[in-house]
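See below for the structure under consideration.
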Amino acid sequence: MWELTKAFRFEAAHALSGTTFGSASEEIHGHSFRAEVTVRGIPDPKTGMVIDLGLLERAMAEVQKTLDHKFLNKIEAIGVPTLENLSRFIWERLQHAGRLSRVSVHRDSCNESCTYFGPQG
């Protein structure tokens, strides 16, 4: 079994209320994000690939376009723009591209990340 990971970056702003960071979190502020999408499987005997990276890249580019330089609070499908909800949002938009294993979203400047492993149950 193999896992293959591809990443993309995006810049975005959000505002979060009700955190222990108080007003620093409640004001609109931005971050540099990195999303990692991991697919799992056995390489196709004909191609030698778990997934055609070009197809995955195209699907990821659409998600990146949706998120890059946006105010995340305005993207209704995300809900509250937390790392948790961002990783789920990305999963939902890429699940058709292959056998997803996980989606991780990183805010490297804050030394934070969250990984979503898909719906349970």
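The values are calculated or read from the model by the stated rules, or taken from the named source; none is laboratory data. Keep in mind that this is a model prediction, so the values were computed, not measured. Positions of Cβ are backbone-derived with ideal geometry, glycine not excepted, and every protein chain shown enters the neighbour counts.
Observations on the structure shown:
- The number of residues in the range 60-107 being surrounded by fewer than 17 Cβ atoms within 10 Å (Cβ to Cβ), among the hydrophobic types (A, V, I, L, M, F, W, C) and at pLDDT 95 or above comes to 3.
- Thr38, sole failed condition from (1) closer than 17 Å to Val103 by Cα; (2) among the polar types (S, T, N, Q); (3) without any contact (Cβ under 8 Å) to a residue 60 or more places away in the chain: (3)
- Counting the residues of the range 41-79 that are within 14 Å of the chain's Cα centre (by Cα), in contact (Cβ under 8 Å) with a residue 40 or more places away in the chain and over 18 Å from His96 (Cβ atoms) gives 2.
- Identity of the residue in the range 18-36, modelled with pLDDT under 80 and of a type in the set (S, T, N, Q), that ends up farthest from the chain's Cα centre (by Cα): Ser23
- Breaking point among (1) of a type outside the set (Val, Ile, Thr); (2) within 28 Å of Gly18 (Cα to Cα); (3) part of a helix (DSSP H, G or I), for Pro81: (3)
- Test: residue in the range 36-51 that is part of a helix (DSSP H, G or I) and of a type outside the set (Phe, Trp, Tyr): no
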